[in-house]
1. So in region 16-72, with the set limited to residues that are in a helix (DSSP H, G or I) and of a type in the set (Ser, Thr, Tyr), which one is surrounded by the most Cβ atoms within 10 Å (Cβ to Cβ)?
2. Enumerate the pairs (first residue in region 18-43 and more than 20 Å from residue 124 (Cβ to Cβ) and among the β-branched types (Val, Ile, Thr); second residue anywhere and open to solvent by less than 20 Å² (accessible area, probe 1.4 Å) and modelled with pLDDT of 95 or more) with beta-carbon separation below 8 Å, excluding pairs fewer than 6 apart on the same chain, so at least 6 apart or on different chains.
3. Taking region 101-113, which residues are open to solvent by 50 Å² or more (accessible area, probe 1.4 Å) and part of a strand (DSSP E or B)?
4. Testing residue 3 on (1) away from the ligand (no atom under 11 Å from the Cβ); (2) surrounded by 15 or more Cβ atoms within 10 Å (Cβ to Cβ); (3) of a type in the set (A, V, I, L, M, F, W, C), one condition comes back false. Which one is that?
5. Out of region 163-178, which residues are open to solvent by 10 Å² or more (accessible area, probe 1.4 Å) and of a type outside the set (Lys, Arg)?
6. Take the residues in region 137-147 that are in a helix (DSSP H, G or I) and farther than 17 Å from residue 172 by Cα, then tell me which one is farthest from the ligand (Cβ to nearest atom).
7. Test of understanding: among 116, 134, which residue is surrounded by fewer than 24 Cβ atoms within 10 Å (Cβ to Cβ) and part of a helix (DSSP H, G or I)?
8. Could you grab the pairs with beta carbons closer than 6 Å, sequence gap of 6+ or different chains, first residue in region 122-150 and over 14 Å from residue 69 (Cβ atoms), second one among the hydroxyl-bearing types (Ser, Thr, Tyr) and within 12 Å of the ligand (Cβ to nearest atom)?
Amino acid sequence: MDLRNGFDIKRYIRAVPDYPKPGIQFYDVTTLFANMHGFRACIDELIWPFLGGSIDYVVGIEARGFILGGAVAHELGKGFVPIRKKGKLPAKVIGKDYELEYGIDTIEIHADAISNGDRILLIDDLIATGGTANAAIDLIRQSGGEVAAAAFVVDLPFLGGAAKLKNKGVKVHTLVQFDSE
Ligand code: AMP
């Protein structure tokens, strides 16, 4: 049992075997988000280290990072900046390629979204290998921002993503972990 804020967040995350392909266990947070106590508990738990702190913007990664990041930004009284898949943002962007298991993907941020010295809280639902968050951190730093911390509901520590971020000098805040796929 992993009680967070009096709520067992882990119990409401649905494990879907063999999605999106055989051998992958997908940790589905939609079942947690759909529960009114679950969604509130995870937002409360995500924000507590940053209450009263010096964050300037919350940056969320498409798509589940938007659901969490919007609520986190609202609660912290800060603005929200999206990082999206290639080709989705309308104005001038900067992009970063990153490796997936098969092939390359690209994420983008508006070139004028972050200014020099802005302190950023990066949000996504889950960190696995850290490839996505790592590319997001590079984009934020390239924009002149400083990544104050990165926060995730789920950590899969056996895939090493959180350790990779810490090695880049980023503070990592996670709520629950699963120890195998
Ligand atoms: P990674 O770049 O390997 O850290 O993967 C993190 C991104 O892929 C996040 O946006 C997650 O939503 C998604 N993801 C990767 N692996 C899983 C998994 N096993 N279950 C659910 N989402 C995953």
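The values are calculated or read from the model by the stated rules, or taken from the named source; none is laboratory data. Predicted model only: the values in this text are computed from it and were never measured. Positions of Cβ are backbone-derived with ideal geometry, glycine not excepted, and every protein chain shown enters the neighbour counts. Ligands, DNA and RNA are stripped out before the accessible areas are found, and what is left, the full protein with its side chains, is counted by its heavy atoms. Shrake-Rupley method; radii C 1.70, N 1.55, O 1.52, S 1.80 Å.
1. Of region 16-72, the ones in a helix (DSSP H, G or I) are 30-33, 36-50, 64-72.
From the residues that got through so far, the ones that are of a type in the set (Ser, Thr, Tyr) too are 30-31.
Details: 30: 12, 31: 15.
Only one residue tops the list, namely 31.
2. Here the result reads none, with nothing in region 18-43 linked to a residue that is open to solvent by less than 20 Å² (accessible area, probe 1.4 Å) and modelled with pLDDT of 95 or more.
3. Of everything in region 101-113, just one residue is open to solvent by 50 Å² or more (accessible area, probe 1.4 Å) and part of a strand (DSSP E or B), namely 104.
4. Residue 3 satisfies every listed condition except (2).
5. Within region 163-178, the subset open to solvent by 10 Å² or more (accessible area, probe 1.4 Å) is 163-164, 166-169, 171-174, 177-178.
The answer is 163, 167, 169, 172, 173, 174, 177, 178.
6. Checking each candidate, the answer is 142.
7. The match here is 134.
8. Correct list of pairs: 131/98; 135/98.
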